[in-house]
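Colleague: First the structure, then my questions, so here it is.
The values are calculated or read from the model by the stated rules, or taken from the named source; none is laboratory data. Not measured: the values here are computed from a predicted model. Cβ atoms come from the backbone with ideal geometry, glycine included; neighbour counts cover every protein chain shown.
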């Protein structure tokens, strides 16, 4: 593993940083306040090659390596977690999942349209009674002649109200738990596919689109099956490995943004006749924050490098996601404290970072779940 970036990786990072600074960050505060996702950025990300970074050019992607894609996630996370979250779902959970598990016909049909931004994807796994325990899902798939009929409810579906295609997980036999789950590619205009905004107001990621989706006798052709019957749980978990890398890299971006904001503020804020950056307690906080950012970034880069090498990455990705999100939570809390009263309102972006980062602790498996994944890799599962 190299610690310096290649010229190509540096170029992708610079392109992502310019986009984040010039086009994403200026919209972040207003989008957060209005609770509206800036949809015009989707096709812009497509033109920049971000929507399907690791997808091969033959399917409309950029063919970039996973470390380059992690750099894109980090830069977007530094500017706006809602935009970064859109990409992690659209590309990580949907496009890469179709690439890994789809038939050639499915890949040719969906991937170029997802890569360009012509279509938007969402990933329908979470339910009111099935979150961390995905195998307990209740959404059903009934087989009828040349179709499957879906019934059930999904919640907290990012991109759900703006998506054109959904990967939907449903069970043919709830008593079989994970062995009964199947995955389907569903056109969101299908009869019986009903969606609406989640009730209430989110703590963070307020510009992201979060939907409640209800399936009422939603009929899909058998050609909509993604992977083999009963492989749905395996497909879901493999997709989450992609998504977790995006969350981890995005958390590094949030932590870096907190560090950058804290350095700038403490250098210009004066109390007791000097910069607050000159106080040792403040310096210690900044030093700890910088160390955590570097450590988190290295863990993300390791996971991305291993993925590029084609090696198993579940443990390493979970470690990266756990450490990076926890470090960013701490960084955001310290950043608000260092800003004092100014950090307590949206006058400064650290208030938004503080709200957004809680979501990254939860999405694609909570910190508790990551610890379980890591521990089982270490000691196995007892009888």
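Colleague: Suppose the filter is part of a loop (DSSP other than H, G, I, E, B) and under 28 Å from residue 278 (Cβ atoms); does residue 347 pass it?
Modeller: For residue 347, the condition - part of a loop (DSSP other than H, G, I, E, B) and under 28 Å from residue 278 (Cβ atoms) - is met.
Colleague: Right, another one. Looking only at residues that are free of Cβ contacts under 8 Å to residues at least 24 places away in the same chain and in contact with a strand residue (DSSP E or B) (Cβ under 8 Å, 6 or more places away or on another chain) in segment 233-268, which one is surrounded by the fewest Cβ atoms within 10 Å (Cβ to Cβ)?
Modeller: Per the stated criteria, the residue is 268.
Colleague: Right, here's the next one. From the list 339, 368, pick out the single residue that is out of contact with any helix residue (DSSP H, G or I) (no Cβ under 9 Å at 6 or more places or on another chain) and either in a helix (DSSP H, G or I) or farther than 20 Å from residue 85 by Cβ (or both).
Modeller: Only one candidate qualifies: 368.
Colleague: Continuing with the same structure: Anything in segment 30-53 that is surrounded by 15 or more Cβ atoms within 10 Å (Cβ to Cβ) and more than 20 Å from the chain's Cα centre (by Cα)? List them, or say none.
Modeller: none
Colleague: Could you tell me whether any residue of segment 114-134 is over 18 Å from residue 160 (Cα atoms), part of a strand (DSSP E or B) and assigned by TED's automatic domain parsing to the domain that holds residue 208?
Modeller: No, segment 114-134 has no match at all.
Colleague: Of the residues 170, 176, only one is in a strand (DSSP E or B) and over 18 Å from residue 44 (Cβ atoms); which?
Modeller: Of the residues listed, the single one that is in a strand (DSSP E or B) and over 18 Å from residue 44 (Cβ atoms) is 170.
Colleague: Restricting the search to segment 189-198, which residues are within 21 Å of the chain's Cα centre (by Cα) and either in the same structural domain as residue 109 (by TED's automatic domain parsing) or outside any strand (DSSP E or B) (or both)?
Modeller: Result: 198, single match.
Colleague: Here's a follow-up. Could you say which residue among 162, 155 is assigned by TED's automatic domain parsing to the domain that holds residue 181, under 14 Å from residue 188 (Cα atoms) and modelled with pLDDT of 95 or more?
Modeller: Answer to the check: 162.
Colleague: Also, quick follow-up: It is to be established whether one or more residues within segment 236-247 are in a helix (DSSP H, G or I), within 20 Å of residue 342 (Cβ to Cβ) and outside the structural domain of residue 74 (by TED's automatic domain parsing).
Modeller: Within segment 236-247, none of the residues are in a helix (DSSP H, G or I), within 20 Å of residue 342 (Cβ to Cβ) and outside the structural domain of residue 74 (by TED's automatic domain parsing).
Colleague: Only one of these conditions is not met by residue 169: (1) in contact with a helix residue (DSSP H, G or I) (Cβ under 6 Å, 6 or more places away or on another chain); (2) within 28 Å of residue 372 (Cα to Cα); (3) surrounded by fewer than 24 Cβ atoms within 10 Å (Cβ to Cβ). Which number is it?
Modeller: Tallying (1) in contact with a helix residue (DSSP H, G or I) (Cβ under 6 Å, 6 or more places away or on another chain); (2) within 28 Å of residue 372 (Cα to Cα); (3) surrounded by fewer than 24 Cβ atoms within 10 Å (Cβ to Cβ), residue 169 fails exactly one: (3).
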